[in-house]
1. If only one of Gln59, Gln8, Gln83 is of a type in the set (S, T, N, Q), outside any loop (DSSP other than H, G, I, E, B), farther than 22 Å from Gly137 by Cβ and modelled with pLDDT under 75, which one is it?
2. Within segment 188-219, work out how many residues are touching a strand residue (DSSP E or B) at 6+ places or on another chain (Cβ under 6 Å) and free of Cβ contacts under 8 Å to residues at least 40 places away in the same chain.
3. If you take the residues of segment 175-205 that are surrounded by 20 or more Cβ atoms within 10 Å (Cβ to Cβ) and among the β-branched types (Val, Ile, Thr), which of them is nearest to Asp159 (Cα to Cα)?
4. Filter segment 35-53 down to the residues that are at pLDDT below 75 and assigned to a helix (DSSP H, G or I), then identify the one that is surrounded by the fewest Cβ atoms within 10 Å (Cβ to Cβ).
5. Which members of segment 163-215 meet the condition of being part of a strand (DSSP E or B) and either modelled with pLDDT under 90 or acidic (Asp, Glu) (or both)?
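The values are calculated or read from the model by the stated rules, or taken from the named source; none is laboratory data. These numbers come from a predicted model, not from an experiment. Reconstructed Cβ throughout: ideal geometry from the backbone, glycine too, with neighbour counts over all protein chains shown.
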Amino acid sequence: MSLLFKSQKKIFLELNNLIKRHPAMAVFVCHEYFRNLCPYDPYIKFKHSNPVKCIIETQKKILDLFKVLKKFENYKILFNNDQFVKKFHNYSEQNKDIYFKKNFKFNEVKKNLLKRFKSVKFDLKKGIKNKIVLDAGCGPGRFTYILSSFKPKKIYGVDLLKDNIQIAKRVFKNKDVKYYQGNVLKLPHKNNTFDFVYSSGVVHHTQNMKKGIDELFRVCKDGGYIYLYAYGRGGAYIGQLEKQ
């Protein structure tokens, strides 16, 4: 038990320092800590039935997570962005079946995506043109399809679920897009492959958030950019992450 409390103290000391400089990252850590302690998360398979062992394992993951979060050079925080939340809610209500292109408001979603990137001072139109792009956790391919409209040289969409990839290939297909089933914790790409890596609402649903972020860094080229969005509507997101 002494190890458990020692690690707990270390985690909160780290959080106390982190929240002053990077509050969004503190949100990531707290959420990751809590959901790994909750036995009802559908995305996590627990190795231990013993709660003490489970907590100790979780604490090790969190302490490792602190190390990888410190790689981020800059980020943008959006807390309580009422306008964005309202627009997103209206869009969701009007397009409950997102798997049909006829119900997908391409121009509206594209406009909102451009606003996101503008807020972190990244010119999406110029930033990915003729570049190699990865959408890590692409779902049914909606944002991959939008990103492909900015004329990247090649764009890849990867998702864990076979059903999502099948929908993407059928509904959001494009000659410059390649969809495939895969795990963001073990991407089938060499180091320094992509100029731009986009990941929206994915890594915090994996079994190992640190490993997921490490993979994004691994496949991104030196001097490339990573866009990482997490924790839902009106929450915090990290953008324009330049790999040093």
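1. Values: Gln59 fails: modelled with pLDDT under 75; Gln8 fails: modelled with pLDDT under 75.
None of the others qualify; the one that does is Gln83.
2. 1
3. That would be Val184.
4. Filtering segment 35-53 for residues at pLDDT below 75 gives 35-51.
Narrowing further to those that are assigned to a helix (DSSP H, G or I): 35-37, 51.
Working: Arg35: 16, Asn36: 21, Leu37: 14, Pro51: 11.
In this case the residue turns out to be Pro51.
5. So in segment 163-215, the residues part of a strand (DSSP E or B) come out as 177-181, 194-200.
Asp195, Ser200, listed by residue number.
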